[in-house]
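Each remark here refers to the structure printed beneath this line.
The values are calculated or read from the model by the stated rules, or taken from the named source; none is laboratory data. Keep in mind that what you see is a predicted model, and the values were worked out from it rather than measured. Neighbour counts are summed over all protein chains in view; Cβ atoms, including those assigned to glycine, are modelled from backbone coordinates with ideal geometry. Accessible surface areas use protein heavy atoms only, side chains included; no ligands, DNA or RNA. Shrake-Rupley method; radii C 1.70, N 1.55, O 1.52, S 1.80 Å.
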Amino acid sequence: MRTYQGNPQLNAERARLRGIDETVPMAVAAYRPQIMAMLTGGLQAVRVLFPDNTVQTATLRTWTIGLTVSQTLFNGFKTANTVRQSEANVRSGREALRNVGQGVLLDAVTAYTNVLANQSLVEAQRSNVAFLRETLGIVQKRLNAGDVTPTDTAQAEARLNRGLADLNAAEVNLAISQATYAQVIGNPPSHLSPAEPVDRYLPRSRDDATGLAFKSHPAVLAAGFDVDVATTSINVAESSLYPTVTLQGNASKSRDADPTLSVFGTDQASVIGQVTAPIYDGGTAASQTRQAKEVAAQSRLVLDQVRNQARTAAIGAWVAHEGAKIAVSASESEVRAAGVALQGVQKEAAGGQRTTVDVLNSQQDLISAKARLIGAQRDRVIASYTLLSAIGRLDVKTLALNTPDYLPEVHYHQVRDAWHGLRTPSGK
């Protein structure tokens, strides 16, 4: 499906998630040693004045090379908690991506269905104009024969012009829907197949719908992972209150070409363990911990709010879907009845029992009923997809679309344990 592969909004969200994936190797890096190399060199002009007032000058060539390896052994569990926090953030980002994907797919369905509906409306309005032209021709012939008055002709002309205006409005709406389709899908519409509801994927009751939305909607799951992120941040903040243990190894070599010295070079190597414990930091760590606790409390409240919103949206989608089914059934009956009524009025008008206005009104009732049916059929399809989105199952896998599924886990595992390298897995 072109929308799923090439939609800019969806691709931007995928890129954002790949950026979030990189926070995990950043956190994991704290487990690894840090290696730094040093190289210094230069020229130094020296002028030495001796007690006997003699002067000696020299140009010294000095250089030093060194290597430092540092390893953190304990930092109050900050690294472990930061890794867990980053992983929870990645999971939240995946659900956010899935939610955006649902919105994009629903927009695509809406754009697709709107084009189909507007095409049908244009065809209906063209049929209406053709009928009104034919009616006007019949009325004009009857006027010439003296069967009707000029008023009937004027009424038929007025209805024809109204039909032309309605046709123009339908064509404008079709052009707008086609432009929206090209924006969302990525290419102009060509030969579109009729859209069908996805009732086979929908829950059987309103309680099932609300239950699924409460448990599996991506917005709810993302908010749950945000709670994990905020909760873990408390442990990260508290790590500043613990001692830190590090081990550092140094090796260096230096050379000094000073002829006045008996030593021309120094080689050094050392291994140093260091323990630092915070005594008092002015209250910074305590304040950060309290702040993290408040943020965690806020995230739990946001989770409750998102759950309520998901439940409400599911109920609204369920009611709208049931109402759309009733609207389609009623509109189909209305169209059938209006068609039968028009045929009867035409026969009665031919027998002199009905006027031209009766025929025109009956035709207007039929075209209005057809327009309502087309709108109801469109709403029926969109409502079924909206309900599927409300329960969190509007995705490529559920719909069995003929397109490769984007798997965010692939990129995550490609970068999680990467020790080095500036190129992304895509080769950039």
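Of all residues in segment 357-402, count the ones that are assigned to a loop (DSSP other than H, G, I, E, B), open to solvent by 20 Å² or more (accessible area, probe 1.4 Å) and either over 29 Å from Val100 (Cα atoms) or touching a residue at least 40 places away in the same chain (Cβ under 8 Å) (or both). Break it down stepwise before answering.
First, the residues of segment 357-402 that are assigned to a loop (DSSP other than H, G, I, E, B): 391-395, 400-402.
Narrowing the set further to residues that are open to solvent by 20 Å² or more (accessible area, probe 1.4 Å) leaves 393, 395, 400-402.
So of that shortlist, the ones also either over 29 Å from Val100 (Cα atoms) or touching a residue at least 40 places away in the same chain (Cβ under 8 Å) (or both) come out as 393, 395, 401-402.
Of the residues in that region, 4 qualify.
Output yes when any residue across segment 391-403 is over 27 Å from the mean Cα position of the chain (by Cα) and not hydroxyl-bearing (Ser, Thr, Tyr), and no when none is.
Looking only at segment 391-403, we keep the residues that are over 27 Å from the mean Cα position of the chain (by Cα), and these are none.
Among the residues of segment 391-403, not one is over 27 Å from the mean Cα position of the chain (by Cα) and not hydroxyl-bearing (Ser, Thr, Tyr), which makes the answer no.
Within segment 268-304, work out how many residues are open to solvent by 80 Å² or more (accessible area, probe 1.4 Å) and of a type in the set (A, V, I, L, M, F, W, C).
The total comes to 6.
Counting only residues that are of a type in the set (Ser, Thr, Tyr) and assigned to a helix (DSSP H, G or I), which one in segment 139-167 is farthest from Ile367 (Cα to Cα)?
Taking segment 139-167 as the starting set, the residues that turn out to be of a type in the set (Ser, Thr, Tyr) are 149, 151, 153.
Now narrow it down to the ones that are assigned to a helix (DSSP H, G or I): 151, 153.
On the way: Thr151: 23, Thr153: 21 Å.
Checking each candidate, the answer is Thr151.
What tally of residues in segment 24-45 results from selecting those that are open to solvent by less than 40 Å² (accessible area, probe 1.4 Å) and of a type outside the set (Lys, Arg)? Spell out how you get there, then give the answer.
First, the residues of segment 24-45 that are open to solvent by less than 40 Å² (accessible area, probe 1.4 Å): 24-25, 27-29, 32, 42.
With of a type outside the set (Lys, Arg) added as a condition, the list becomes 24-25, 27-29, 42.
Adding up the residues that qualify gives 6.
Determine which member of the set Ala376, Ala369 is small (Gly, Ala, Ser) and within 30 Å of Thr210 (Cα to Cα).
On the way: Ala369 fails: within 30 Å of Thr210 (Cα to Cα).
Unique residue meeting the criteria: Ala376.
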